[in-house]
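Just so it is clear, none of the values below were taken in a lab; they were calculated from the coordinates. Computed from a prediction, not measured in an experiment: that's the story for all the values here. Here Cβ is always computed from backbone atoms with ideal geometry, including for glycine, and neighbour counts include all displayed protein chains.
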Amino acid sequence: MLILIAEDDELILKTIEHKLLKEGHDVILTRNGKDAIDTLQKEDIDIAIADIMMPFASGIEILSAIRSMNKKIPVIMLSSMGQEEVILNAFDLGASDFIVKPFSPNELMLRIKRFTPN
């Protein structure tokens, strides 16, 4: 399974990458929203994980780009802002899940497994 991670916090990015690789997934790392959108246009991604607050394009813009490309992939949004308005907006735009930082890598894996075929 190919998973795109769009996260500008290097520690979180590397933590997620390590956990996903350990679980046998392939990953593509992007550190800003523009690179994430460019990658989504070129690659056949199975799941996207996107931080809300990203340079050049926000996680919300990444989510909107995915939906405008008619890609039906699950999108897990990450944010340090647990504000209800932000969460509701993400779900209104088609987010599959939302995790508030800080979070456990094991929790993220459980959520990813919900979107993977058995």
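A few comments on the model shown:
- Protection proxy ranking, peptides 35-41, 9-15, 58-64, average beta carbon neighbours within 10 Å, highest first: 58-64, 35-41, 9-15
- Distance between the modelled labels on Asp92 and Phe56, one decimal in nanometres: 2.8 nm (7 Å Cα→Cβ projection).
- Evaluated over the chain, the count of Lys pairs having alpha-carbon atoms less than 17 Å apart is 9 (only pairs 8 or more residues apart or interchain).
- Report summary: the helix-based calculation at 222 nm, which adds -39500 (n - 2.57) for every DSSP H run with n ≥ 4 and divides by the residues of the chain, gives -13000 deg cm²/dmol.
- Arg114-Glu23 pseudo-label distance in nm [points 7 Å out on the Cα-to-Cβ vector]: 1.2 nm
- The length gained by stretching the chain between Asp38 and Asp9 to full extension, at 0.36 nm per residue less their Cα-Cα distance, is 8.5 nm.
- Kirkwood-type radius of the chain, with distances r between different C-alpha atoms, in Å: 13.9 Å
- Counting every other Cβ atom within 10 Å of each residue's Cβ, Asp44, Asp51 order from fewest to most as Asp44, Asp51.
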